[in-house]
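Everything below concerns the one structure shown next.
The values are calculated or read from the model by the stated rules, or taken from the named source; none is laboratory data. All figures in this text were calculated on a predicted structure; none of them were measured in a lab. Positions of Cβ are backbone-derived with ideal geometry, glycine not excepted, and every protein chain shown enters the neighbour counts.
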Amino acid sequence: MILNNLKIFSQNIWKNNLIINTVLEVNSNFDIIFIQELFWSTIQFIPSSSNCEGEPLVGVANHPNWLTFTRASDSVNDFPRVVIYINIRLSLLCFSLCKDVINHRDILLVSFFNNNNIF
């Protein structure tokens, strides 16, 4: 892979799941997509020993052609405001979140390996 050909797209979706699904479907020619202002919603309820209705699993939109990277939420009021979607065809580059450098809800730092180099 040549880094000069890396295609990156950035979009603010204004907490609209229709926009995120459209962006992921239409922009398959991009390698990395940065999304701001995500809509966090309940995906499903997980069985729980303390709650007979189950605990809610909250997350963002996923797509089979994209790997999703975001930081973990510490509380309901601390959901991340950015997510990175990386095209599945780049999965051999071993992407990694660099939370040891910065761990903030508005900033994501990602590294990857290519030809024994870290970017």
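Quick look at the numbers
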| item | result |
| --- | --- |
| Among the candidates ILE84, ILE43, ILE19, residue that is touching a Gly at 6+ places or on another chain (Cβ under 8 Å) and either in a loop (DSSP other than H, G, I, E, B) or surrounded by 13 or more Cβ atoms within 10 Å (Cβ to Cβ) (or both) | ILE43 |
| Residue, nearest to TYR85 (Cα to Cα), within the stretch 48-72, restricted to residues that are exposed (fewer than 11 other Cβ atoms within 10 Å of the Cβ) and either among the polar types (S, T, N, Q) or modelled with pLDDT of 90 or more (or both) | PRO64 |
| Residues of the stretch 1-18 satisfying the condition of being more than 18 Å from PHE119 (Cβ to Cβ) and at pLDDT below 90 | ILE13, TRP14, LYS15, ASN16, ASN17, LEU18 |
| Sole residue being on the phi < 0 side of the Ramachandran plot, loosely packed, with under 12 Cβ neighbours inside 10 Å and touching a strand residue (DSSP E or B) at 6+ places or on another chain (Cβ under 9 Å), chosen from ASP78, ASP106 | ASP106 |
| Residue in the stretch 22-38 that is nearest to PHE95 (Cα to Cα), counting only those that are in contact (Cβ under 8 Å) with a residue 40 or more places away in the chain and not in a loop (DSSP other than H, G, I, E, B) | ILE32 |
